[in-house]
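Everything below concerns the one structure shown next.
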Amino acid sequence: MKLLPSNLPICQPAQVAIIGAGNVGSALAQRIAEKNMADVVLLDMAAGRPQGIALDLVEASGLEGHDRTLRGTADYADTAGSDIVVITAGFPRKPGMSRDDLLRVNGEIVIQATQKAIAHSPNAIIIVVTNPLDVMTYLAWKSSGLAPQRVMGMAGILDSSRFQTFIALELGVSSADVDAMVLGGHGDLMVPLPRYSTVNGIPITELLDLATIERLVERTRNGGAEIVELLQTGGAYYAPASSICVMVETILRNRSRLLPIAAYLEGQYNLHDVFIGVPARLACRGIESILELELSDRELEALHRSAASVRENVEEALKLL
Ligand code: NAD
């Protein structure tokens, strides 16, 4: 069959630029492509890698039934006009490293990536993934010049998904029936909230004893390190890619979802000038509002401790600007 040239106006599909075509970036490109959600431009400084990943994914398009454009590049000009820029460029942890150990090396990469990407896509929303997450999100915001509602970090969805998984495994129920909530920084001081974690509406505090809950909370806090130890080279990427994809889809489809996101706080939870994981309403223009949950004294103290540790690292990271 020969298709005739069309004279209909060209529809402009959404475009997502993924800076960093490593494990997380390429898994995210696959998720977006297979959901037919947007065109994807993968950018990486490693010669040939983004082009190779993009071509490999395109060659699966007939089999997977996706028809969006996938391109790989080392040139930021090719990312021009992106609706969303996802920053995954940087180094993952090695066994024994904390996320904070990555501060300086990844800080420089994130500043440069943000400035170059936003120069070509001034209307984009930025989702930061590079660790240490909350600090990198602050740096990206500072170097982007964007309103804070348009810059956010992905961590809470992943941490909550890990908690959800461990609860489901413990109870022997489908994870589809479990809702879990983790706030705070994406680090050892993250704040899983058992009171707000439920199985079909039943708080897990009614279903599990305190010692078991504490064990699941601890496993959630160490969820990333557990995978780093198993893999020995690199960190998790399948669940991270799924988590980023939830945010991308929420923005592109304007779904107005309430999700745990590293968002800029200006007094909420009595915290100021810091990006940290809180429940936020996300839609096509970015973060629309932040939900201030009723927290116990202990939970609030844990959130403040987590924020204090993030702020300390932000002070250090700002020297890179
Ligand atoms: P990876 O090493 O597989 O990929 C990183 C990629 O970044 C590499 O391909 C590298 O060439 C590229 N890169 C480095 N410097 C660059 C630059 N200046 N410009 C463009 N590209 C550059 O690592 P990964 O597993 O994909 O993880 C990426 C980052 O995401 C790490 O910092 C990791 O800790 C973080 N991460 C965060 C979460 C989260 O929940 N926020 C989850 C998983 C991973």
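The values are calculated or read from the model by the stated rules, or taken from the named source; none is laboratory data. What you are looking at is a predicted structure, and each value in this text was computed from that prediction instead of being measured. All Cβ positions, glycine included, derive from the backbone under ideal geometry; neighbour counts span all protein chains shown. We work out accessible area using only protein heavy atoms, side chains counted, and drop any ligands, DNA or RNA first. Shrake-Rupley method; radii C 1.70, N 1.55, O 1.52, S 1.80 Å.
Remark: segment 276-291, residue by residue, has Karplus-estimated 3J(HN,Hα) of 7, x, 9, x, 9, 8, 10, 8, 5, 9, x, 7, 8, 6, 10, 8 Hz, where x stands for each Gly or Pro and the curve is 6.51 cos²θ - 1.76 cosθ + 1.60 at θ = phi - 60°.
Which of the DSSP-defined H helices in the chain satisfy a minimum axial length of 15 Å, computed from C-alpha atoms, and a minimum mean Kyte-Doolittle hydropathy of 0.0?
Details: long enough: 23-34 (17 Å, 0.14); 103-120 (26 Å, 0.24); 133-144 (16 Å, 0.30); 156-171 (22 Å, 0.63); 210-221 (16 Å, -0.32); 238-252 (21 Å, 1.37); 297-318 (31 Å, -0.72).
Taking the DSSP H segments of the chain (at least 15 Å long, mean hydropathy at least 0.0), we get 23-34, 103-120, 133-144, 156-171, 238-252.
If the Kirkwood radius is taken over C-alpha pairs of segment 25-68, then at 37 °C and 0.692 mPa s the Stokes-Einstein diffusion coefficient equals 313 µm²/s. Taking amide H positions as modeled 1.01 Å from N, with prolines and chain starts lacking one, the residues under 5 Å from Arg257 and 5 or more places away or on another chain are Leu282.
Counted over all Cα-Cα pairs of the chain, pairs farther apart than 31 Å make up 29 percent. Amide H to amide H distances under 5 Å link Leu183 with Val191, Leu193, where only residues 5 or more positions off or on other chains count and H is placed in the peptide plane. Going by accessible surface with a 1.4 Å probe and the largest first, His272, His120 read His272, His120. For segment 2-112, the share of alpha carbon pairs falling in successive 10 Å distance bins from zero is 14, 40, 29, 13, 2, 2 percent. For segment 1-101, the dipole from Cβ point charges (+1 on Lys and Arg, -1 on Asp and Glu) about the Cα centre works out to 120 debye, to the nearest 20.
First select every other residue whose beta carbon is under 12 angstrom from the beta carbon of Arg150; then total the charges, Lys and Arg +1, Asp and Glu -1. The partial results should precede the final answer.
Working: positive: Arg285; negative: Asp83, Glu288.
Neighbourhood net charge equals -1.
Listed values for segment 180-194 are Karplus-derived 3J(HN,Hα) couplings in whole Hz (6.51 cos²θ - 1.76 cosθ + 1.60, θ = phi - 60°), namely 10, 10, 10, 10, x, x, 8, x, 5, 9, 4, 10, x, 10, x, and x replaces Gly and Pro.
Take every pair of alpha-carbon atoms less than 8 Å apart whose residues are at least six positions apart; their mean separation over the length of the chain yields a relative contact order of 17 percent. Between Thr165, Thr250, Thr212, the GNM of the chain built on Cα springs shorter than 10 angstrom shows Thr212 fluctuating the most.
Averaged over every viewing direction, what's the projected area of the C-alpha convex hull for segment 162-201? Give it in nm², one decimal, please. The directionally averaged projection comes out at 2.8 nm². Out of Val199, Val151, Val110, any idea which swings most in a Gaussian network model of the chain, alpha carbons joined below 10 Å? Answer for the Gaussian network model of the chain: Val199. Of all DSSP bridge pairs formed entirely within the chain, close to 50 percent run antiparallel.
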